[in-house]
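The values are calculated or read from the model by the stated rules, or taken from the named source; none is laboratory data. Computed from a predicted structure; not experimentally measured. Using ideal geometry, Cβ is built from the backbone for each residue, glycine included, and neighbour counts are taken over all protein chains shown.
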Amino acid sequence: MKMFIDCDPGVDDSVAILFALNRPEVEIVGISTSTGNVSAVQGAENTLRILKLAGMEGKIPVCAGAEKPLVGEVDGFPDFIHGKNGMGDVELPAAEQKAVDMDVCDFMYQKACEYEGELVLVSLGRMTNLANTLAKYPDYAKKIKRVVSMGGTIYSHGNVSPVVEANIGGDPEAADIAMMADWDMTLVGLDVTLKTHLTRSDVDKLLRCCLPEKKEMVSFISEELKYYMDGSRRQNYTMEYSPLHDPLAMVVAVDPSVVNTRKMVTRVECGGTWCRGKVVVDLREQPIEGRFVEHALEVDSRKALNILFAAFQN
Ligand code: BDR
Ligand code: CA
């Protein structure tokens, strides 16, 4: 499977990337970043260090993208959950590899043309880069095989407002453009990610059972998750686990059988205060103008976790 990742690493983004790097059937052909958990430049720096850790330095091009959402400005970073550096304040050694010096839209389009009809686009952050590329290259969507995106919530509560999830809420206009694009899109949102619980004992067990050659990667995951899990507890004092967002979306990209989905006409609310960034689905017979997007609504979370862990054990 040829894969392109757009992300904002981010503790959970980095776990998702490391998982994909350890799946033999996945070939990552490019990674782009946008502002979100950290700045796009910091996200690209983090990605390069993650690639080095995985022994993939110089093998996958990385490009820093949008530093601002389509509308408005960046309103701080969620360092209480991802740390100041976006990796739970764990410092990985710097890489020699540099980010490509290219406009991110050109980079994304170039990869889509190179692997036309084959590319699975995994979106783990705001959809700003996707929207900008769709605007610059109207045939971009047609070249992509399918899109799997961590974003949104239909029935669950939100995580940045009562009803809004962070990736969509961070750039609602971009997400609405992505929903309207002519591609096959699956949203893996809080309805399923909040039900997929990672516990400290899961991580400790993985540390004990992983393959020796993967130990360094798992140790890094274990360290950065300490901060992330504390962050979950800072948000909700009773929480004994961390919800798994981006890694679950990545597992779905590799094995869609872990979720049940439903296709619904979908738009994103771009106005309002509490609802700005809410994913809106219309089940009426004569719905609002919108395209069918597939939403993950149920998850076999044990199976998803097993798939995630197996990548470091086999
Ligand atoms: C999403 O927001 C970011 O903080 C995470 O990396 C994930 O992509 C969860 O709402
Ligand atoms: Ca993310």
Output the residue which, of all residues in segment 62-107 that are more than 20 Å from Asn159 (Cα to Cα), out of contact with any strand residue (DSSP E or B) (no Cβ under 6 Å at 6 or more places or on another chain) and β-branched (Val, Ile, Thr), is nearest to ligand 1 (Cβ to nearest atom).
Val90
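Yes or no, residue by residue, for (1) among the small types (Gly, Ala, Ser); (2) surrounded by 16 or more Cβ atoms within 10 Å (Cβ to Cβ); (3) at negative phi:
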residue	(1), (2), (3)
Pro24	no, no, yes
Val29	no, yes, yes
Asn37	no, yes, yes
Leu48	no, yes, yes
Val62	no, yes, yes
Leu70	no, yes, yes
Ala95	yes, yes, yes
Cys105	no, yes, yes
Of the residues in segment 86-113, how many are part of a loop (DSSP other than H, G, I, E, B) and more than 17 Å from the chain's Cα centre (by Cα)?
15
On the basis of being aliphatic (A, V, I, L, M), touching a residue at least 40 places away in the same chain (Cβ under 8 Å), in contact with a helix residue (DSSP H, G or I) (Cβ under 9 Å, 6 or more places away or on another chain) and surrounded by fewer than 22 Cβ atoms within 10 Å (Cβ to Cβ), does Ala141 make the cut?
yes
Taking segment 95-116 as the region of interest, how many residues are touching a helix residue (DSSP H, G or I) at 6+ places or on another chain (Cβ under 7 Å) and not aromatic (Phe, Trp, Tyr)?
10
Is segment 48-70 home to any residue that is in a loop (DSSP other than H, G, I, E, B), basic (Lys, Arg), more than 20 Å from Ala135 (Cα to Cα) and at pLDDT 95 or above?
yes
Condition test on Glu73, is it more than 12 Å from ligand 2 (Cβ to nearest atom), farther than 25 Å from Phe312 by Cβ, assigned to a loop (DSSP other than H, G, I, E, B) and not aliphatic (A, V, I, L, M)?
yes
Criterion violated by Ala178 - all others in (1) part of a loop (DSSP other than H, G, I, E, B); (2) crowded, with 24+ Cβ neighbours inside 10 Å satisfied
(1)
What single numbered condition from (1) charged (D, E, K, R); (2) over 21 Å from Ala178 (Cβ atoms); (3) within 15 Å of ligand 2 (Cβ to nearest atom) fails to hold for Asp8?
(2)
From the set of residues in segment 145-167 that are surrounded by fewer than 24 Cβ atoms within 10 Å (Cβ to Cβ) and under 22 Å from Val254 (Cβ atoms), which is farthest from the chain's Cα centre (by Cα)?
Lys145
